[in-house]
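Here is the structure we will look at, set down as structure tokens.
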Amino acid sequence: MRHVLSLVLGLVATSPAQAEPITAAGSPKLGRVITAPSAWLAEEGDVMTTAQLDHRLDGGLGIAAGLGGIAELSLDTNTDPRFCMACGDTEEPRWFGRAGFRVGWREDTWLPGMPALVLGFRKTFASSAPLDDARISEVHLVASRSLGPVRLHAGATLTAAGYTEATGALVELAPTVRPLGGLEWTPPAYPRTTLLGDLAWVARFDDGAPPALEWVAGWGVRYQALRWSSVELLVRHREDEGLGDSTVMIRVNAALHRYR
Amino acid sequence: MTDGRFPRTAALVLLASTGLAHAEEPAAVPPEAATDAPTVRRRTSTLAEIYRGPFRSSRLFAMPTADVVGAYVMTVSGEGSLLQQPGALTSAGVLAIGFGDIAQLEYRHTSAISVEGVTAPVPAVGVQLAIPLPRRPGIPAFGVAFRLGVPRDEQIDAFELEEKVTDLYLVARWRGGAAGWLTLHGGTRVSSASLTVTDAMGLAIGTVEKRLVLPTGGLELQMNDEAKLVAEAGLAPRFMWMPGADPAIGYGLLARLGLRWSVLPSVIFDGSIGYQQEVGTVEPPAGRGGIVQWDIRLGAEVFVPWGALACRATGAFCD
Amino acid sequence: MKQLGRSLMLVVATTAVARAQPQPDVPTLPPDPGGAPAAPGTDPTADPQPGDPPTVQADPPVAPPEAPYDPYPAPSASVPDEPPRPPINMPEVLTTPTGFLLPAAVFYTKFGLDTGGGATFDSRIGLGDVAEFGVATTDAIRQRQDDSDEDSDRIQPYFTASFRLGVGEDRLFKHQPAVALGFRKSFETKSEGYESRIAELTLVASKHFGDKFAMHVGGAFWDASLAGQLDSGDDVEDRSITFHDVATPKDQFRPFGGIQARPLPRSLILIDLGWAPEFCYQCATDARKIRLRPVLSWGVRYEVASWMRIESGVRVPDIGDANLLNAQIFGQVSFTSWGLRRAIDRAKQ
């Protein structure tokens, strides 16, 4: 079923008939920096798709649709959380299916100079985790503001996670607040290129222990190759991880007008 | 999927086909960025015009520079040494793909071929960025390079050693204003090195990890339109272990002196002599007089302006 | 006598092969005003240095009005004439390196034989007018068994690779000698159960004085390694030593040099003094197991054509002992080719 879902998402994303310019600048804003969510929402009727692959050949797909210009519905797979079954061994990322709903306001909606604001809720609905019934729920509040060539993002997440032990007992992480932040910079000399950097907290599952949150810092570059598509080259570092265990990944984003 | 992981095939198909495969013109690029474009991508360009460049290399011999190969350009580099290890041909290859104007993705592969067989460690990837500060004469350019380590196995008696180094380079490049023939490179290499020793039974008998902050630098002397002398020196992690002792990680000097010769605008030939005995091996240091352990290394870097070629052939990726 | 006969046959054979090579791609020696060919290292037609980029010749003069009408004129967009190629200064005197580097993309190949049965091969290519890479076999490395062994034998073939880089004469300032920093290293060679390697780091300066005389002066820093059963007696284990462990840096350094004079337009007299390692496998002390021996050579180079030279002379492998019995008469033939350079120039157009 997941193969079918992946291929369908891929076919949708590659449909050339849907490729139209989204903005005059040809640079649609994405609902995340690298790991941290941003306060940008997909335009009304727009569909944003993303595919990613890292150097360990772990990948992910995502799709987000704008709703009325004030909300966004998303569906994605990601490998952000890590699991440790026999702790001491290398912790490996596992695949999660996740749905999200975000509602917010654009920049300058109420007051001049007001940042964009988004309140979002994301919840996992499927997992390849070795732990039974592993799940993560997250609420985030993010503010984003463009300042010339720079776009700043700041906010906080409230994250809860849990899984069921072999004994049947539920092991949970109580809702925990963590900050998040991000930076996007489009140098004037390179109008297609955006430097990215962010910091966020994601869940980590250790067998026999309550889930915990660990920071993930990322940096990289987004290149607007086409008016409706960009590519990203990213490096991501995690807490308690040596430099040699960092992750290098590429992403392809495509913005489609599905039903505007 | 059976191991619970993401379906890789689907992701690969999507990455290969999404977006970039379509021949749609991108947004117009302002002139200041266009001047940085390595090659002009026009449907009417001839192959001679396409391969005339200009092309930029993103490295000296080993250390990264504050440049990247550029958008829609790919480079294939290879080098080999018959003398670094007695009786073995050591070689290394790098595939660098320009990821926009200021970034590149690298794929590295090293191997050693000897009479005992072929040792081909796991390939690794790297990311390199040119910090997009305004370019003015006399102002240095800056860059960042991240290179994931390649595990390397070494056999000593019945023990097996696995060595791994991951590097984060912060580099600067200064091109002399009046002395345009001189380019200086300097930087810091943050190395995360690990050494694991296992015995014949496969049991780990010692592991050491260390993070080192090491200087690196180099210079280029433009000798004529096509050739420049290149010197490069820096410290690099050095692994130390002897049976009965704990493994340790120190550092040693790595230095190369040679030339880079643009045989054609799209082909660069490298030749150098180098000192790197105390680096990346548990062999004892040779000392200053130990030139018998220096090596001669030859290599080449070939630029492939795939964007311009695709533009000429199909109309995709044109300026 | 039999060896000499073989040597002569090989020289004649290689010469014949070389003569069969196409002539047109070889620049002829430019004549001087006196009618004699110019000496290598000078160019009477212009003032290009070996490192200079080739100059483009001007278009040929237009035919005068009274010239007969040509019904089949050459197409105006013809291939431009090949730029003049400067004479090539040789990278070696007889056995020692010079400060001169081969021009970019120029091939150099040399074959040599001597009356002691030694055979050598040397092939190089110029890189970007500032460097040179080559592979060679040498018969200069010698071996002895122990202190009582008075006659040393050569180890051959002894494969080496070399890389040199430097600047041409008068490149940086007037009267500046050509300077080259070179590194030569051998592959590991096994002989009589012993494995050995040599390496040599050289810095040499060469200077022409007029068009008939040139001088070469340099210093070499030697190193070597030797592995095998280095101790006499029963139950001894193999071990290895290196020259830098058993000798001081002063012992590793040796000066070398040579001179060349051109008494006739195509002929040069050459003399050089160099050094070569000698391994003594079971000499009493480690310091005597690896030693450097002086080698004196003198001879003549005759420029058959600008692309071919024949050298012959005498080499004394250990002039320090004044042992003329080990002296050898050698013959060498060398070839140079601009073919690759022409191909690169065409590819650039």
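Note on region C:157-186: residues that are surrounded by 17 or more Cβ atoms within 10 Å (Cβ to Cβ), within 13 Å of chain B (Cβ to nearest Cβ) and closer than 14 Å to residue C:135 by Cα amount to 10.
Take the residues in region B:233-260 that are of a type in the set (D, E, K, R) and crowded, with 16+ Cβ neighbours inside 10 Å, then tell me which one is nearest to the other protein chains (Cβ to nearest Cβ). Here the answer is B:260. Scanning region C:115-133 for residues that are in contact with an Asp or Glu (Cβ under 9 Å, 6 or more places away or on another chain), closer than 20 Å to residue B:268 by Cβ and small (Gly, Ala, Ser) returns C:126, C:128. Among the numbered conditions (1) assigned to a strand (DSSP E or B); (2) without any contact (Cβ under 8 Å) to a residue 40 or more places away in the chain, the only one that residue C:272 does not meet is (2). Here residue A:120 passes the criteria (1) surrounded by fewer than 20 Cβ atoms within 10 Å (Cβ to Cβ); (2) in contact with a strand residue (DSSP E or B) (Cβ under 9 Å, 6 or more places away or on another chain); (3) among the small types (Gly, Ala, Ser) except the one numbered (1). Among the criteria (1) modelled with pLDDT under 90; (2) within 14 Å of another protein chain (Cβ to nearest Cβ); (3) closer than 25 Å to residue A:183 by Cα, the one residue A:109 does not fulfil is (2). In the set (1) within 30 Å of residue A:127 (Cα to Cα); (2) surrounded by fewer than 19 Cβ atoms within 10 Å (Cβ to Cβ); (3) at pLDDT below 90, residue A:149 fails one condition alone, (1).
Once region A:14-55 is narrowed to residues that are of a type in the set (A, V, I, L, M) and over 17 Å from the mean Cα position of the chain (by Cα), the residue that is modelled with the highest pLDDT is A:25. Meeting the requirement of 3 or more residues that are closer than 23 Å to residue C:157 by Cβ and under 20 Å from the mean Cα position of the chain (by Cα), the strands (runs of 3 or more DSSP E) wholly within region C:193-261 are C:194-209.
The residue of region C:311-334 that is farthest from residue B:264 (Cα to Cα), among those that are crowded, with 16+ Cβ neighbours inside 10 Å and charged (D, E, K, R), is C:318. Does residue A:214 satisfy being under 28 Å from residue B:189 (Cα atoms), out of contact with any strand residue (DSSP E or B) (no Cβ under 7 Å at 6 or more places or on another chain) and more than 9 Å from chain B (Cβ to nearest Cβ)? Here the answer is no, as residue A:214 does not meet what is asked. Within region C:136-150, residues that are farther than 17 Å from residue C:327 by Cβ reach partners that are modelled with pLDDT under 90 and of a type in the set (Gly, Ala, Ser) with beta carbons closer than 7 Å, at six or more positions or on different chains, in the pairs C:143/C:152; C:143/C:191; C:144/C:152; C:147/C:284. Quick check: anything in region C:203-210 at pLDDT 90 or above and within 14 Å of chain B (Cβ to nearest Cβ)? Scanning region C:203-210, I find at least one residue that is at pLDDT 90 or above and within 14 Å of chain B (Cβ to nearest Cβ), so the answer is yes. Taking the criterion of being within 12 Å of another protein chain (Cβ to nearest Cβ) and within 18 Å of the chain's Cα centre (by Cα), the residues of region B:297-319 that qualify are B:297, B:298, B:299, B:300. Taking region C:113-134 as the range and being more than 9 Å from every other protein chain (Cβ to nearest Cβ), surrounded by fewer than 23 Cβ atoms within 10 Å (Cβ to Cβ) and of a type in the set (A, V, I, L, M, F, W, C) as the test, the residues that pass are C:119, C:121, C:125.
The condition of being over 22 Å from residue A:54 (Cβ atoms) and not aromatic (Phe, Trp, Tyr) holds for only one of A:197, A:242, A:208, A:220, that being A:208.
Here is a yes/no grid of residues against (1) among the hydrophobic types (A, V, I, L, M, F, W, C); (2) surrounded by fewer than 18 Cβ atoms within 10 Å (Cβ to Cβ); (3) not in a strand (DSSP E or B):
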{"residue": "A:44", "(1), (2), (3)": "no, yes, yes"}
{"residue": "A:48", "(1), (2), (3)": "yes, no, no"}
{"residue": "A:62", "(1), (2), (3)": "no, no, no"}
{"residue": "A:65", "(1), (2), (3)": "yes, no, no"}
{"residue": "A:69", "(1), (2), (3)": "no, yes, yes"}
{"residue": "A:72", "(1), (2), (3)": "no, no, no"}
{"residue": "A:75", "(1), (2), (3)": "yes, yes, no"}
{"residue": "A:83", "(1), (2), (3)": "yes, no, no"}
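If a residue has to be at the interface with chain B (Cβ under 7 Å from one of its Cβ atoms) and aliphatic (A, V, I, L, M) to count, how many in region A:182-194 make the cut?
Within region A:182-194, residues that are at the interface with chain B (Cβ under 7 Å from one of its Cβ atoms) and aliphatic (A, V, I, L, M) number 1.
Is it the case, given these coordinates, that residue C:245 is out of contact with any strand residue (DSSP E or B) (no Cβ under 6 Å at 6 or more places or on another chain), over 30 Å from residue C:169 (Cα atoms), modelled with pLDDT under 90 and within 14 Å of another protein chain (Cβ to nearest Cβ)? Can you show your working first?
Details: out of contact with any strand residue (DSSP E or B) (no Cβ under 6 Å at 6 or more places or on another chain): yes; over 30 Å from residue C:169 (Cα atoms): yes; modelled with pLDDT under 90: yes; within 14 Å of another protein chain (Cβ to nearest Cβ): yes.
Here the answer is yes, as residue C:245 does meet what is asked.
Examine region B:278-293 for a residue that is among the acidic types (Asp, Glu) and either buried (at least 22 other Cβ atoms within 10 Å of the Cβ) or at pLDDT 85 or above (or both), and state whether such a residue exists. Scanning region B:278-293 turns up at least one residue that is among the acidic types (Asp, Glu) and either buried (at least 22 other Cβ atoms within 10 Å of the Cβ) or at pLDDT 85 or above (or both). Sort out for me the strands (runs of 3 or more DSSP E) sitting completely within region A:154-238 that have 1 or more residues that are farther than 21 Å from residue A:141 by Cα and within 17 Å of the chain's Cα centre (by Cα). Fully inside region A:154-238 and qualifying: A:193-206, A:212-226, A:229-238.
Here is a check on your reading of the model: is residue C:337 buried (at least 17 other Cβ atoms within 10 Å of the Cβ) and within 17 Å of residue C:121 (Cβ to Cβ)?
Answer is yes for this residue.
All of (1) in contact with a Leu (Cβ under 7 Å, 6 or more places away or on another chain); (2) free of Cβ contacts under 8 Å to residues at least 24 places away in the same chain; (3) not β-branched (Val, Ile, Thr) hold for residue C:219 with one exception: (2). Inside region A:29-85, can you point out the residues that are touching a helix residue (DSSP H, G or I) at 6+ places or on another chain (Cβ under 6 Å) and among the small types (Gly, Ala, Ser)? The answer is A:51, A:59.
The values are calculated or read from the model by the stated rules, or taken from the named source; none is laboratory data. All values derive from a computational prediction rather than experimental measurement. Quick reminder, even Gly has a Cβ in these numbers, built from the backbone with ideal geometry, and neighbours come from all protein chains shown.
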